[in-house]
Amino acid sequence: MWALQAVRLPSGAVVDVTVDGDRIARIGSGTSFGVALAEDCTGKLLLPAYIDSHVHLDKVLIRDELQEHDGTLAGAIGAIHERKRGYTVHDVCERARTVIEASVRSGTTRLRSHVDVDTIGGLTPLEGVLAAAAECSDIAEVRTIAFPQEGVLRDPGAYDLMEAALEVGADLVGGMPHWEVDEAAQREHVRLCFDLAERFDRDIDMHVDETDDGSIRTLEMVADETLQRGYYGRVVAGHVCSLSAADDVYAERVIEKCARAGITIAANPVTNLVLQGRGDRGLIRRGTTRIAELRAAGVNVIFGQDCVKDGFYPFGRGDMLEVTLISAHAAHLTTRADLAFALQAVTEAPARCWRLEDYGLKPGARADLQLLPVPSWEDALRLQPPPEKVWFRGRLVAENQVESVVYRRRA
Ligand SMILES: [Zn+2]
């Protein structure tokens, strides 16, 4: 048993937090009395460890080996093909492990990775990420999504591979309906993915409408299918950029359906800020979905890292504090309530779509925690410090020390 004394919570409350085994035992003022292993944390902030619920661990860190392209989503997908053909399990595993470790150092202990499942790379990307997940199981929990990056109908054979992926260990069913050639094929793509999810009793996490084209409307297909099949709370739709380009009346109708279906929206502003709006002049759109309207409608909204130095995005370091700061800029999040919402988007909101009951700062929750050298969440966002300590299942798994000195000339 060990304790953190006089630590600040995001609410501003100053409490003691006692951990017993892998669980939080007690939270409250003076509740660590008698605990021998206790650390004074005056002036420091305690957060639950982040959840990065939208990342592509199979593709991370390949950027230096790719041809330059036009910077669009389509350009990036094409540029990766050759590299993907050359993947080995070892190569994918090494890169994924590097980013999992970086994520843990930055305070993330749960990750959900999309993994390409298609006829170019077969199951090699999945095998690589599963190997990294197993290797890192002492520091983080990694779940995987069988993601048909090249389409299902557009890539004959991909559907069988998705089935095989679920059999060998992928946790969720992915999808990318807007990538199909026409509306009928998009609808069929959605239907097939739900069939697979139902058959294997898995949740669904799809890439949906990652385009500036407001006439692309597969989010509504996903919402309709979710309602029809009673998949409430089990579906995540990622990106949904085209919702911003659709007219307001249509968008309101779809947002209402998403709320009713319990769909989580993975708005990933970090990548969409650079991928979308490339055809615009003058007022260049941000490319993000209708984050404020989704929030106002009570839809569960999360922010993910999505990409780390891959064909889509040259930056990224598995740091959800950085992701949240960029997302706050993209979505006009500046008030205290806005910043609290931003924190939710990388903690409680992904926990909800993972359907975790033991997440957060409460007695009985799994002790996945991080201690930051600042007194408040607002200052954490502003100053971007790495966490001093990170715990996974109650065990210390990372420490960061930053030292900087200013040398003044004194008279
Ligand atoms: Zn993605």
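The values are calculated or read from the model by the stated rules, or taken from the named source; none is laboratory data. Fair warning: this is a prediction, and the values are worked out from it, not measured in the lab. Every residue, glycine among them, receives a Cβ derived from its backbone with ideal geometry; neighbour counts consider all protein chains shown.
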Quick count over the stretch 7-21, residues being part of a loop (DSSP other than H, G, I, E, B) and either surrounded by 15 or more Cβ atoms within 10 Å (Cβ to Cβ) or without any contact (Cβ under 8 Å) to a residue 24 or more places away in the chain (or both), is 4
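Yes/no per residue for (1) within 15 Å of the ligand (Cβ to nearest atom); (2) within 18 Å of Arg285 (Cβ to Cβ); (3) without any contact (Cβ under 8 Å) to a residue 40 or more places away in the chain; (4) among the charged types (D, E, K, R):
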| site | (1), (2), (3), (4) |
| --- | --- |
| Met206 | yes, no, yes, no |
| Asp212 | no, yes, no, yes |
| Ile216 | no, yes, yes, no |
| Leu227 | no, no, yes, no |
| Ala237 | yes, no, yes, no |
| Arg260 | no, no, yes, yes |
| Ile265 | yes, yes, yes, no |
For the stretch 381-411, enumerate the residues that are within 30 Å of Leu333 (Cβ to Cβ), modelled with pLDDT of 95 or more, exposed (fewer than 14 other Cβ atoms within 10 Å of the Cβ) and aliphatic (A, V, I, L, M).
Leu383
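Answer with yes or no whether Ala340 is out of contact with any Gly (no Cβ under 7 Å at 6 or more places or on another chain), touching a residue at least 60 places away in the same chain (Cβ under 8 Å) and under 23 Å from Met206 (Cβ atoms).
no
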When only residues in the stretch 277-319 that are more than 17 Å from Ala237 (Cα to Cα) and touching a Cys at 6+ places or on another chain (Cβ under 8 Å) count, which is farthest from the ligand (Cβ to nearest atom)?
Gly316
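Is it fair to say Leu325 is hydrophobic (A, V, I, L, M, F, W, C), surrounded by fewer than 22 Cβ atoms within 10 Å (Cβ to Cβ) and at pLDDT 95 or above?
Yes; evaluated as a whole, the condition is true for this residue.
To keep it simple, each residue is scored yes or no on (1) within 16 Å of the ligand (Cβ to nearest atom); (2) polar (S, T, N, Q); (3) more than 22 Å from the chain's Cα centre (by Cα).
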residue	(1), (2), (3)
His54	yes, no, no
Glu65	no, no, yes
Leu73	yes, no, no
Ala79	yes, no, yes
Gly86	no, no, yes
Asp91	no, no, yes
Arg110	no, no, no
